[in-house]
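This report concerns only the one structure given below.
The values are calculated or read from the model by the stated rules, or taken from the named source; none is laboratory data. The model shown is predicted, which means the values in this text are computed figures rather than measured ones. So basically every Cβ, Gly included, is an ideal-geometry build from the backbone, and we count neighbours across all protein chains shown. For accessibility, only protein heavy atoms count, side chains too; no ligands or nucleic acids. Shrake-Rupley method; radii C 1.70, N 1.55, O 1.52, S 1.80 Å.
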Amino acid sequence: MNARLGALGRAVRPAAWLLLAAMVPAVLTATLHPRRPAFVTPENVPEITVATASGWRDTLFVDARREADFRRGCVPGAVPLNEDRWEVLLPGFIGRWAPGRKVVVYCDSQKCDASQAVARRLRRELRINDVFVLKGGWAAWQAAQK
Amino acid sequence: MAGSAKMTGLVAALARLVLGGVFIYAGVGKVLDPAAFAGDIANYRLLPHPAAAALAAYLPWLEILAGLAVFRPRLRPGALFVLGGLSLVFAAAIASALARGLDISCGCFGHGRASGALLGLSLLRALVLAGMAAVLLARDGGGAGSGAGAVQPRN
């Protein structure tokens, strides 16, 4: 027991040095990295219900789930686009979108964040303003079809 | 007896290589895109966004430095302590996400990496890494390692 406590004691000081040393590159990352994290809470993309989305004409649905889930079933006409394969899937989205067309992004359910992440990215990187998130996601869509 | 000590030493060296290598690889993946990693942390819904952003800038460097320090005998106990602690924290966060039914990417190796797909496997991996760090720390707690240079008990 004493040996184990001794081992822990010998670990604490070098551990403290490591914890401190990591702060230097961390500060540089936070201030200079081209992909540095934003310290401001990102604004959530507005959510719309299935009823509202269904009532819009010429809506482009974007499926932000994993591709395996997309292949098992999706909103009719939806195009897959997720952050895991963004560069690969983006051309498919661009080929289907046209200026003025509303985009509605969905993921599994209300508990997933993929749809908000994809929607924010579409707004930020492609400057598309008419992007919304489907409230309740795929689960809500399926429930509404019953 | 000398043979088994040598074998134990080899196994420990391999374990250090795996542990250090995994964390260096994980840290580098996150350092490439800290903004995306901040999003992954925020998805766990455990911290406010500014705290997630600060961790996204800090954690990858801690992983890289501690991963490298595993290979330096004088720093090894501290590195193992840090890596074990990090693994336990990651495991707790993943377990929390699983318990709340969150459908999120692990973020363990940077954003959008294939290993993020299955949280359950990520939890298992974190626990295995924590166990490895704990065993190595108990074994190597002398700092210079319990390998060839250590005093062996007399038969």
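With the other protein chains left in place, how much accessible area per residue, in square angstrom, belongs to chain A at a 1.4 angstrom probe?
58
Residues of B:31-40, mean number of Cβ from any other protein chain within 10 Å of their own Cβ, rounded to a whole number?
The mean count of partner-chain Cβ atoms within 10 Å per residue comes to 5.
Calculate the mean, over all residues of peptide A:77-87, of how many other protein chain Cβ atoms lie within 10 angstrom of the residue's Cβ.
That average works out to 2.
Report the Stokes-Einstein translational diffusion coefficient (µm² s⁻¹, integer) for segment A:32-84, Rh taken as the Kirkwood radius over Cα pairs, at 37 °C with viscosity 0.692 mPa s.
235
Taking the mean number of other Cβ atoms within 10 Å as a proxy for protection, how do you rank A:132-139, B:128-135 from highest to lowest?
A:132-139, B:128-135
If you count, for every residue in A:34-44, the Cβ atoms of partner chains within 10 Å of its Cβ, what is the mean?
That average works out to 6.
Relative contact order (percent) for segment A:94-137, with alpha-carbon contacts under 8 angstrom and 6 or more residues of separation?
Value for segment A:94-137: 48 percent.
Roughly to the nearest percent, how much of the accessible area of the protein assembly as shown is carbon and sulfur, given a 1.4 Å probe?
Ligands and nucleic acids excluded, carbon and sulfur give 65 percent.
Can you list residues whose amide H is under 5 Å from A:V79's amide H, if they're 5+ apart or on another chain and H is modeled 1.01 Å from N?
A:F61, A:V62, A:D63
For A:E47, list long-range residues whose amide hydrogen, built 1.01 Å from N in the peptide plane, is under 5 Å from its own amide hydrogen.
Amide H to amide H, under 5 Å and 5 or more residues apart or across chains, A:E47 pairs with A:V133.
Would you report the distance distribution of C-alpha pairs in the protein assembly as shown as whole percents per 20 angstrom bin, up to the bin with the largest distance?
31, 46, 19, 4, 0
For B:A35, project a label point 7 Å along Cα to C-beta. Then give me every residue of segment A:107-138 with its amide nitrogen under 15 Å of that point.
Within reach of a label on B:A35, which here means backbone N under 15 Å from a point 7 Å along Cα→Cβ, segment A:107-138 contributes A:117-128.
In percent, how large is the relative contact order of segment A:20-146, given Cα pairs closer than 8 Å and 6 or more residues apart?
Rounded, it is 28 percent for segment A:20-146.
Between A and B, buried accessible area summed over both sides at probe 1.4 Å, in Å² to the nearest 100?
Interface area, both chains combined: 3000 Å², rounded to the nearest 100.
Which of the trypsin sites (Lys or Arg not before Pro) found in segment A:40-95 are loop residues per DSSP with 13 or fewer other Cβ atoms within 10 Å of their Cβ?
Here the trypsin sites (Lys or Arg not before Pro) that fit, given the DSSP loop and packing criteria, are A:R57.
Grab the other residues whose beta carbon is less than 15 angstrom from that of A:R101, score K and R as +1, D and E as -1, and report the net.
Net charge in that neighbourhood comes out at +3.
When the helix-only estimate is applied to the protein assembly as shown (DSSP H runs of n ≥ 4, each -39,500 (n - 2.57), divided by the residue count), what is the mean residue ellipticity at 222 nm, nearest 500 deg cm²/dmol?
Calculated at 222 nm, the ellipticity per residue is -19500 deg cm²/dmol.
Starting from the Cα gyration tensor of segment A:36-146, take the square roots of the eigenvalues, sort them a ≥ b ≥ c, and report rounded, prolate or oblate (rounded when a/c is under 1.5, otherwise prolate if a/b is larger than b/c, else oblate).
Because its axes are fairly even, with a/c under 1.5, segment A:36-146 counts as rounded.
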